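A quick write-up on the structure given underneath.
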Amino acid sequence: MNLRTIKPFYLNSKKEESNTAAQQDLVEKIQRLRQGKKAIILAHNYQRPEIQDIADFVGDSLELSLCATQTDAKIVVFCGVNFMAETAAILNPEKKVLIPDVNALCPMASMLPKELVKVYRRKYPEAKIVLYINSLAEAKAYCDAVCTSANAAEIVNRMESEVVLFGPDVNLAKYAQTKSDKKIIPIPQCGFCPVHKLFNKEGIMRLRQEYPDAEVMAHPECDPEVWGIANFIGSTSRMYREALTSEANRFIVATEIGLLHRLKKDRKDAVFIPAYDEAICVNMRLHTLEKVYLCLRDEKNEVKVPPKIASMAHKPIEFMLKTRETQR
């Protein structure tokens, strides 16, 4: 054995201490900037733990955009992917919305550009179009209503047509179809979330054999075979609420592993097991403390939606928000 290849344990320890000190320094700088600039930091449930820990609000994309409307902040730093920051900008036109890394794009949202929405509109002129909030602003501008993974079926059922075009996630379209008598046509025919495609029935069944007392929670973006063995199907926010109120003490979670950080923080008596250890959205993880600091310091990477697109996209978003209000 070559002893020179062995690193003394205290070198690793010093490196960890250095990283921790550097992170703490960044956190303090961000705190000062946040107060001085009257800014808030929003973090999606899939963000890195250290980003979630410094955020003013942690949640799903719609929750975060609505949180911004309820504050008097002048600057919103949105730690999520592009369509989320766009929605925040549409709902908060008087605020400056920043995104730490402009490369944080959503692959699924990119599967449905506005041109494709227009093609389907011409092909099915009598149909209404419902788009998942996980879509680009330019696509939302040409739909009739926006939905979340929590209210997809309800929004579809409110449409005044027997045929509803739904995009961009085909699995969410299929899930809505299980709760609707309308004919739902996915647009595109193969839209999907790369992360939720990683989960499969066999892998979860193996975990279930190992942890027979665990409650399985799955996101509706997962394939139908995963819903079939889940105890609970819901959005990240609904999974979070389920974990806080369920009598179970162990959960197998089929969504991006970032959610587990929040679950473990707020339900310390429970055990949360990822349905797949490597279910990571690399685009979500592009944001770092340093990028948050630089974006806030320089007020760069502002998310701007063209006024015409913002105005057109606001209408279908408002339709959904009014639906939410009638439920309360």
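Kindly indicate the residue of the range 93-139 that is among the polar types (S, T, N, Q) and crowded, with 20+ Cβ neighbours inside 10 Å and also nearest to the chain's Cα centre (by Cα) among those meeting that condition. Give the steps one after another, and end with the answer.
At the first step, the residues of the range 93-139 found to be among the polar types (S, T, N, Q) are 103, 110, 134-135.
With crowded, with 20+ Cβ neighbours inside 10 Å added as a condition, the list becomes 134-135.
Numbers: ASN134: 8, SER135: 11 Å.
Here the answer is ASN134.
Given the conditions (1) of a type in the set (A, V, I, L, M, F, W, C); (2) part of a loop (DSSP other than H, G, I, E, B); (3) under 23 Å from ILE30 (Cβ atoms); (4) over 19 Å from the mean Cα position of the chain (by Cα), report the number of the one that LEU294 does not fulfil. The one condition LEU294 does not meet is (2). Among the residues making up the range 229-261, those that are farther than 21 Å from ARG48 by Cβ, touching a helix residue (DSSP H, G or I) at 6+ places or on another chain (Cβ under 7 Å) and outside any strand (DSSP E or B) are ILE229, GLY234, LEU244.
Filtered by the rule that a residue be free of Cβ contacts under 8 Å to residues at least 40 places away in the same chain and closer than 23 Å to ASP298 by Cα, the range 44-67 gives ASP53, ALA55, ASP56, PHE57, LEU64, SER65. Checking every residue in the range 300-318 against the condition of being part of a helix (DSSP H, G or I), surrounded by 19 or more Cβ atoms within 10 Å (Cβ to Cβ) and free of Cβ contacts under 8 Å to residues at least 60 places away in the same chain gives zero matches. Within the range 297-308, is even one residue within 29 Å of GLN24 (Cα to Cα), hydrophobic (A, V, I, L, M, F, W, C), touching a strand residue (DSSP E or B) at 6+ places or on another chain (Cβ under 7 Å) and not assigned by TED's automatic domain parsing to the domain that holds ALA55? Yes, the range 297-308 contains a residue that is within 29 Å of GLN24 (Cα to Cα), hydrophobic (A, V, I, L, M, F, W, C), touching a strand residue (DSSP E or B) at 6+ places or on another chain (Cβ under 7 Å) and not assigned by TED's automatic domain parsing to the domain that holds ALA55.
Of the residues making up the range 91-109, not a single one is of a type in the set (Gly, Ala, Ser) and either under 17 Å from MET320 (Cα atoms) or out of contact with any Leu (no Cβ under 6 Å at 6 or more places or on another chain) (or both).
When you check GLU86 against the structure, is it within 21 Å of the chain's Cα centre (by Cα), modelled with pLDDT of 90 or more, part of a helix (DSSP H, G or I) and outside the structural domain of VAL253 (by TED's automatic domain parsing), yes or no?
Numbers: within 21 Å of the chain's Cα centre (by Cα): yes; modelled with pLDDT of 90 or more: yes; part of a helix (DSSP H, G or I): yes; outside the structural domain of VAL253 (by TED's automatic domain parsing): yes.
Considered against the rule, which asks whether it is within 21 Å of the chain's Cα centre (by Cα), modelled with pLDDT of 90 or more, part of a helix (DSSP H, G or I) and outside the structural domain of VAL253 (by TED's automatic domain parsing), GLU86 comes out as yes.
For beta carbons closer than 7 Å, sequence separation of 6+ or different chains, a first residue in the range 87-99 that is among the hydroxyl-bearing types (Ser, Thr, Tyr) and a second that is surrounded by fewer than 19 Cβ atoms within 10 Å (Cβ to Cβ), there are no qualifying pairs. Among the candidates MET205, MET284, the residue that is more than 30 Å from ILE30 (Cα to Cα) and aliphatic (A, V, I, L, M) is uniquely MET205.
The values are calculated or read from the model by the stated rules, or taken from the named source; none is laboratory data. All values reported here derive from a predicted model rather than from experimental measurement. Heads up, the Cβs are rebuilt from the backbone with ideal geometry, glycines too, and the neighbour counts pull from every protein chain shown.
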